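Read the structure below first, then the notes.
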């Protein structure tokens with residue numbers, strides 16, 4: 001059996017490893033366009049903040065895959081065409097064809113670049129592959145003024161990185177809040193935190209990027225900002241070109257539609273990772289939320305099934321976390337806005353709590369927004385912000401939502417308690433009381 | 001309606017508050033033997049460690065209950081007899097009778113004192129009510145050598161407190177490991193950590209406590225230890241005397257048997273808090289694991305039902321957490337030993353992991369022991385030790401166990417990930433992979 005995997009990121013390499021483990025005699029080829037495999041774009045902001053070279057972002061070195069796992073790994077090999085039964089690859093200046101019996105599309109996602117004048121000037125960057133980290137680090141050395149366009153996760157994390165390194169940072173966001181995929185109560189807490197460290201411009205739209213050769217300023221519909229370095233972080237799009245060549249069906253999100261076995265609409269063609277949709281377990285609908293943990297698991301599932309096994313990826317609940325300096329921010333399930341858009345009749349609670357019992361030193365603030373379905377009392381989503389234990393509470397909600405728990409189930413969760421860790425009535429439990437059951 | 005509640009701890013006061021909220025015209029009397037209500041024995045080790053007075057341990061001051069909630073609170077009022085329809089109370093030097101239509105026994109648990117010579121010497125303490133904290137703090141001022149008998153939670157937490165305050169601490173434990181209710185792999189990690197700060201004597205039995213008036217030394221079957229202060233932490237027993245007077249049935253554990261409504265075997269007599277059993281959701285059997293969060297919830301449930309409502313306390317999974325200096329230790333569900341005793345055919349995994357991705361600064365070690373039922377693949381229990389995120393992972397397992405999740409469900413949990421928080425493959429997910437599904 002000849003397996004071809006396009007893309008050597010997390011999803012692709014996990015699948016390749018799995019297939020080789022289950023079918024040691026199969027020929028498994030991976031074509032990766034860059035010189036990195038098993039890479040982690042989510043680490044790029046931290047390569048900037050802590051100033052380490054991009055090759056540290058790789059989880060495993062290429063040798064591991066080649067020598068230990070017997071994968072036929074082609075680096076700097078770009079698949080320029082995908083056809084029924086073969087792919088056309090550009091590698092080492094040559095164009096070659098490779099046949100496949102089973103194909104996995106794991107081409108990931110790429111940053112969107114808005115059609116604005118000046119985006120191709122020197123020192124205008126996006127966050128995509130590990131080498132971007134090195135280019136940005138290099139450019140950051142002489143940059144005093146940094147403008148970040150977009151206050152989603154990448155924008156927020158980059159704003160932390162550059163402000164931690166002493167740059168004068170301006171963040172420009174079109175929406176009227178940072179982290180536009182959060183409800184306003186939580187976004188408001190993020191706004192206050194960000195404004196202490198950066199110049200946050202909300203409801204402002206970029207019009208042009210200007211400069212001779214190198215960027216000098218960013219022009220918006222409301223002002224002009226000096227910029228020695230610009231980071232475009234306005235979102236990502238799935239890399240579906242090859243899938244489209246094969247006639248693979250895309251979902252409403254624009255990413256590849258797959259079933260639980262990670263099969264696409266075309267026989268023997270699978271998709272996994274940031275290029276693929278997944279089922280949202282709250283709505284039952286396919287969504288596109290490209291994140292590393294589900295990307296890895298999709299790769300695992302695709303690998304097992306491509307190797308003749310049978311395993312289903314059940315779906316996701318959209319669990320996410322980020323931080324801006326000391327403030328941690330997490331979410332899982334649906335926001336109130338999303339739940340209403342999905343047609344749920346919702347009730348929500350917003351609570352402020354301390355992270356420890358009153359007498360234990362060092363308690364910090366935390367904020368929870370929790371949304372329930374009025375008809376069933378089922379927890380639809382939760383957002384958590386605060387200065388510690390945000391990952392913990394977001395995960396508690398994530399598991400509870402995955403278990404389809406109601407507010408009553410939530411109230412009766414048997415969670416950890418000891419004075420150094422939490423209050424006796426954990427804020428999660430309190431939110432269940434507030435939401436009633 | 002006349003409600004009498006015996007015991008003003010967490011369970012009793014939660015019930016009293018609930019009844020008054022639902023039935024504002026009912027007469028709700030609480031009799032509390034001490035001068036503290038809503039107190040937290042779990043805070044006593046920290047009152048020692050951080051040296052603050054015991055009244056800070058109260059969650060709410062008595063006035064809150066009396067003035068805001070209209071509870072007829074009797075402090076320093078000991079119920080010396082409970083009879084069908086009335087209780088006999090000793091208060092202010094007088095003995096009085098009070099009638100009840102509904103009675104809640106919330107008398108809690110008290111430390112066991114082993115029948116050893118010298119336990120009544122000066123400076124020999126147990127950890128029970130808040131005033132103990134003040135007495136121990138006072139005695140600790142002049143104490144150089146502290147001996148702690150028992151290395152359960154209280155023993156471990158007191159060992160932290162005294163060693164943090166610069167005392168020379170000896171901990172004597174009969175079992176061959178600290179935290180005897182953990183499996184040996186995790187206990188071994190605790191042992192190593194404790195031995196860096198205290199003299200830990202395992203498999204050693206106390207024989208006598210000696211001294212003129214004041215304690216001077218502790219004698220065991222294997223040695224003798226100088227002691228200016230001795231702390232007995234060998235476990236607790238439920239305070240069931242009044243329940244027994246009423247003919248209330250006790251469970252196998254010796255604590256009061258209750259149903260999900262917190263009703264005892266005697267009509268109109270309820271029990272809640274540390275004196276009552278609860279159903280273990282893994283085994284379906286009644287167990288006695290007296291801890292504050294379930295005690296509070298039992299009080300809530302008893303209060304609602306006593307006030308004419310109908311709500312069931314579903315049970316517990318035995319979630320617990322503690323720490324010794326930097327090492328955090330949590331558990332939920334059954335240990336491997338317990339699962340085998342319960343007749344499960346088990347498979348377990350013990351894994352060591354880092355708490356963050358490899359390139360993010362400050363990753364720490366964490367250790368997981370996870371137990372599954374071989375027949376159903378259901379997660380039966382988990383124990384977590386480590387230097388951060390132990391509460392988070394213990395809670396993830398707690399919710400997963402409460403949801404009766406299998407290893408496959410666990411593998412597909414959609415948990416938070418970002419480089420500052422966790423590795424991409426969270427150790428919880430890794431444990432599911434190791435346990436197979």
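What follows draws every value from the coordinates through simple rules; no lab data is involved. Note that this is a predicted model, so its numbers are computed, not measured. Because the Cβ atoms are built from the backbone with ideal geometry, glycine has one as well, and the counts that use them run over all protein chains shown.
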The Cα extents of region B:113-232 along the principal axes, largest first and rounded to whole Å, are 41, 28, 24
Computed on Cα atoms only, the convex hull of region A:6-80 has an orientation-averaged projected area in nm² of 5.1 nm²
Output row for residue A:259: copy-to-copy label distances, label 7 Å along Cα→C-beta, ascending, in nanometres, one decimal, is 4.8
Output for region A:191-244 (equivalent-ellipsoid semi-axes, sqrt of 5λ from the C-alpha gyration tensor, Å, descending) is 26, 19, 11
Taking only the Cα positions of region A:338-384, the convex hull volume per residue in Å³ is 67 Å³
Per GNM of chain B with C-alpha springs under 10 angstrom, the most fluctuating residue out of B:92, B:145, B:286 is B:92
Length-normalised contact order of region B:172-324, Cα under 8 Å, at least 6 apart, in percent, tallies to 14 percent
So, relative contact order of region B:1-80 in percent, Cα under 8 Å, 6 or more apart, is 37 percent
At q = 0.23 1/Å the base-10 log of I(q)/I(0) from the Debye formula over the alpha-carbon atoms of region A:169-276 is -1.11
Computed on Cα atoms, Rg of region A:276-324 relative to 2.2 N^0.38 Å comes out at 1.25
Averaged over the residues of B:291-303, the number of partner chain Cβ atoms within 10 Å of each residue's own Cβ comes to 3
The distance between the Cα centres of region A:1-79 and region A:94-130, in whole Å, is 16 Å
Length gained if residue B:99 through residue B:195 is fully extended, taking 0.36 nm per residue and subtracting the Cα-Cα distance, is 29.1 nm
Cα pairs beyond 21 Å in region B:256-338, in percent, come to 33 percent
Computed on Cα atoms only, the convex hull of region B:298-375 has an orientation-averaged projected area in nm² of 9.1 nm²
Pseudo-spin-label distance residue A:83 to residue A:112, built 7 Å along Cα→Cβ, given in nm, is 3.4 nm
Averaged over the residues of A:383-393, the number of partner chain Cβ atoms within 10 Å of each residue's own Cβ comes to 3
Output ordering of A:407-414, A:245-252, A:77-84 (per-residue mean of other Cβ within 10 Å, highest first) is A:407-414, A:77-84, A:245-252
Long-range alpha-carbon pairs in region A:120-181, meaning those over 14 Å apart, account in percent for 58 percent
Mean shadow area (nm²) of the C-alpha convex hull around region A:78-118 is 4.7 nm²
For region B:1-151, Rg(Cα) over 2.2 N^0.38 Å is 1.18
Percent antiparallel among DSSP beta bridges confined to chain B, rounded to 5, stands at 60 percent
Expressed as a percent, the portion of alpha-carbon pairs in region B:320-435 spaced more than 23 Å apart is 24 percent
Comparing A:228, A:134, A:25 in a Gaussian network model of chain A (Cα, 10 Å), the one with the largest mean-square fluctuation is A:25
Whole-Å distance linking the alpha carbon centroid of region B:149-205 with that of region B:333-390 is 21 Å
Relative contact order in percent for region A:318-361 (Cα pairs under 8 Å, 6+ apart) equals 23 percent
Output ordering of B:290-303, B:94-107, A:212-225 (per-residue mean of other Cβ within 10 Å, highest first) is B:290-303, B:94-107, A:212-225
Extension length gain for residue B:267 and residue B:285 (0.36 nm per residue less Cα distance), in nm, is 4.2 nm
Rh (Kirkwood, all Cα-Cα pairs) for region A:1-44, Å, reads 10.9 Å
Across B:262, B:158, B:194, the residue with the highest GNM fluctuation in chain B (Cα network, 10 Å cutoff) is B:194
log10 I(q)/I(0) for the protein assembly as shown, Debye formula on C-alpha points only (no solvent), q = 0.08 Å⁻¹, two decimals, reads -0.79
Per residue convex hull volume, Cα only, region A:209-354, in Å³ is 214 Å³
Dividing the helical contributions, -39500 (n - 2.57) per DSSP H run of n ≥ 4, by the residues of chain A yields a 222 nm value, nearest 500 deg cm²/dmol, of -7000 deg cm²/dmol
Inter-chain shielding metric for A:420-430, i.e. average beta-carbon neighbours from other chains within 10 angstrom, reads 5
For chain B the translational diffusion coefficient, Stokes-Einstein from a Kirkwood Rh over Cα pairs at 37 °C and viscosity 0.692 mPa s, in µm²/s, is roughly 142 µm²/s
